[in-house]
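A short write-up of the structure that comes next.
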Amino acid sequence: MLERLSWKRLVLELLLCCFPAFILGAFFGYLPWFLLASVTGLLIWHFWNLLRLSWWLWVDRSMTPPPGRGSWEPLLYGLHQMQLRNKKRRRELGNLIKRFRSGAESLPDAVVLTTEEGGIFWCNGLAQQILGLRWPEDNGQNILNLLRYPEFTQYLKTRDFLARSIWCSTPGGIWKFASCLIPTNSC
């Protein structure tokens, strides 16, 4: 397993790059030019690796980053490990959402999940039957645009969800609407 990149490794890489320049400079007498050539070569190598990394991030769709050498190896390995962790978290989150939806579908009540502004982002089958919602077509629609009952609109505007429930008259009869909404960002 690789460790994170340290300044010692970068200095060692620079010294190893400049060592041949010192030898050739001492032998031929053009030390500054040889040092300039070796540092320029190191800079070109880093630019080449940056271009490879950019290509992998923006164009290539593979899971594994390009192989790296020297100081680039721990960076690319770390990116690969981070990508594997994120993939695992996305899979776990997807499974959690599936379990939540399965549980909400089995509730004896109609359930509609909305954003703070009232945009629908999920509803169960009973909500589709009782309220006439269509999932996923109504995804993102404001609930007040789809449920046009004055009592319900007033109920949402007062934001007094814990104190009372409301009764709404619908074409199919009268139904009771009770709610206990808990904002998710306050948990």
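Out of every Cα-Cα pair in segment 32-85, what percent are more than 19 Å apart?
Value for segment 32-85 (Cα pairs over 19 Å): 36 percent.
So who's got an amide H within less than 5 Å of the one on Trp122, skipping anything under 5 residues away but keeping other chains? H placed 1.01 Å off N, in plane.
The answer is Leu113.
How far is it, in nm, from the label point at Leu43 to the one at Phe28 when both lie 7 Å from their Cα along the line to the Cβ?
Inter-label distance under the simple model: 1.9 nm.
Let me know the volume per residue of the alpha-carbon convex hull for segment 17-113, in Å³.
109 Å³
Say R0 is 45 Å: what FRET efficiency, to the nearest 0.05, do Leu50 and Glu117 get from their beta-carbon distance?
That pair, Leu50 with Glu117, gives E of 0.65.
Quick check: the distance between the Cα centres of segment 108-132 and segment 26-86, to the nearest angstrom?
Using only Cα atoms to place each centre, the spacing works out to 51 Å.
Using the basic label-point model (7 angstrom from Cα toward the beta carbon), what is the Ser6 to Glu105 distance in nanometres?
Simple spin-label model gives 5.4 nm for this pair.
What ³J(HN,Hα) values, in whole Hz, does the Karplus curve 6.51 cos²θ - 1.76 cosθ + 1.60 give for segment 12-17 when θ = phi - 60°, with x put for Gly and Pro?
Along segment 12-17, the couplings run 4, 4, 5, 5, 5, 6 Hz.
Just so you know, all these numbers are worked out from the coordinates, no wet-lab data involved. In this text the structure is predicted, and so the values were computed from the model without any measurement. Every residue, glycine among them, receives a Cβ derived from its backbone with ideal geometry; neighbour counts consider all protein chains shown.
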